[in-house]
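Everything below concerns the one structure shown next.
Nothing in this text is a laboratory measurement; each read-out follows from the coordinates by a stated rule. None of these values were measured; they are calculated from a predicted model. In this analysis, Cβ positions are derived from the backbone assuming ideal geometry, glycine residues included, and neighbour counts consider all displayed protein chains.
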Amino acid sequence: VLASLPLQMMLYFNVYYFPVWCLAEGMMLQLKYHLLPQHYQFLLVAAFLILTLAEGSRLYLGYVGNLQEK
């Protein structure tokens, strides 16, 4: 079984675009944070952190798993 080149290319580009997405999303969250009710503020921050951690984990595991042919 060989490593998937298309998957590796998508992971490679996603690793470089992920910080851009994270920065843009963080800036938008900061701009609208004070305009929202407190429960929406909590939900947005929680969702942002969960998505950031999940995407980082997904990229790491996909990158390592594809290179080790798992």
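Worth pointing out:
- Residue within the stretch 16-32 that is free of Cβ contacts under 8 Å to residues at least 60 places away in the same chain and outside any helix (DSSP H, G or I) present: no
- Qualifying residue in the stretch 56-70 (condition: on the phi < 0 side of the Ramachandran plot, touching a residue at least 60 places away in the same chain (Cβ under 8 Å) and not in a loop (DSSP other than H, G, I, E, B)): yes
- Residue satisfying all of: in the stretch 17-49; of a type in the set (Phe, Trp, Tyr) and touching a helix residue (DSSP H, G or I) at 6+ places or on another chain (Cβ under 7 Å); nearest to LEU59 (Cα to Cα) among these: PHE18
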